[in-house]
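*Asks:* First the structure, which I've put down as structure tokens, then a few questions once you've had a look.
The values are calculated or read from the model by the stated rules, or taken from the named source; none is laboratory data. As the structure is a computational prediction, the values presented were derived from the model and not from experiment. Quick reminder, even Gly has a Cβ in these numbers, built from the backbone with ideal geometry, and neighbours come from all protein chains shown. Keep in mind that these areas ignore ligands, DNA and RNA; they rest on the heavy atoms of the full protein, side chains included. Shrake-Rupley method; radii C 1.70, N 1.55, O 1.52, S 1.80 Å.
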Amino acid sequence: MKKNAIIDVKTAFGGNVLWCWQRVDDLKGDRTEKRRQSSAQAWQMLGDLGHYIWPDIAGDGTYETVRQGSGRPGLIIDGVIYCASISHSRDLVAVAIAKDPDAMIGIDIEYRDPSRDIDALSRWLFDGDADGRDFYQGWCDYEAAFKATGETDPVMQSRATLIAIETMDGFSGALARLAA
């Protein structure tokens, strides 16, 4: 991918989080190799999104994409770490960056696999109370909130603000933000 190849950047949370998604058309190999390729694409997109957000700063090479000690992706600009998030499912990759260095974010996308046992998974995800809730949106909400908060407990995750994000047909997505 070329630098600044990001198109269709979207904003959320009052413009404080920028995110985008992209389809990866040429994945080859077994599942592990495809995940490695989509992950590499996501890290490239993260750098490209950083260039898009901060063209004057990032243009002189004073930025770096990093995996923080917590495992979270980040973008370092002039010594300041900005929280970032990456998700990939099948051939779709999504990335997000918080413009506020004190905000924590999470993005998640998921392919709506028609062969999955959604009833059983919904009972598990929603603790037996699926009651018509959309499993895939619920899963994306959970994962995005986990990435933003670092918490597996849905009660603790409720500190994060969640929004559903639009992706391509056949996928669900969510973006979470935890303000400092």
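*Asks:* For the Cα atoms of the chain, what angle does the longest principal axis make with the long axis of helix 31-53, in degrees from 0 to 90, nearest 10?
*Replies:* Rounded to the nearest ten degrees, it is 50.
*Asks:* Now a separate question. Say each of residue 67 and residue 155 gets a label point 7 Å from the Cα, pointing the same way as Cα to Cβ; how far apart are those two points in nm?
*Replies:* 3.3
*Asks:* Comparing 91, 100, 25, which has the greatest mean-square fluctuation in the GNM of the chain with Cα pairs linked when under 10 Å apart?
*Replies:* Greatest mean-square fluctuation among the candidates belongs to 25.
*Asks:* Carbon and sulfur: what percent of the chain's accessible surface (1.4 Å probe)?
*Replies:* On the way: 4480 of 9510 Å².
Carbon plus sulfur share of accessible area: 47 percent.
*Asks:* Next question, about the same structure. Residues in region 148-175, backbone N under 13 Å from the label point at residue 134 (7 Å along the Cα-to-beta-carbon vector): list them, ranges by number please.
*Replies:* Label zone hits: 163-175.
*Asks:* Which value at 222 nm does the chain reach when only helices count, each DSSP H run of 4 or more adding -39,500 (n - 2.57), with the total divided by all residues and rounded to the nearest 500 deg cm²/dmol?
*Replies:* Only helices count here, giving -9000 deg cm²/dmol.
*Asks:* Convert 10 °C to kelvin, take the viscosity as 1.306 mPa s, use the Kirkwood radius over C-alpha pairs of the chain as Rh, and evaluate the Stokes-Einstein diffusion coefficient in µm²/s, rounded to a whole number. Could you put the intermediate results ahead of the total?
*Replies:* Working: Rh = 16.8 Å.
Result for D is 95 µm²/s.
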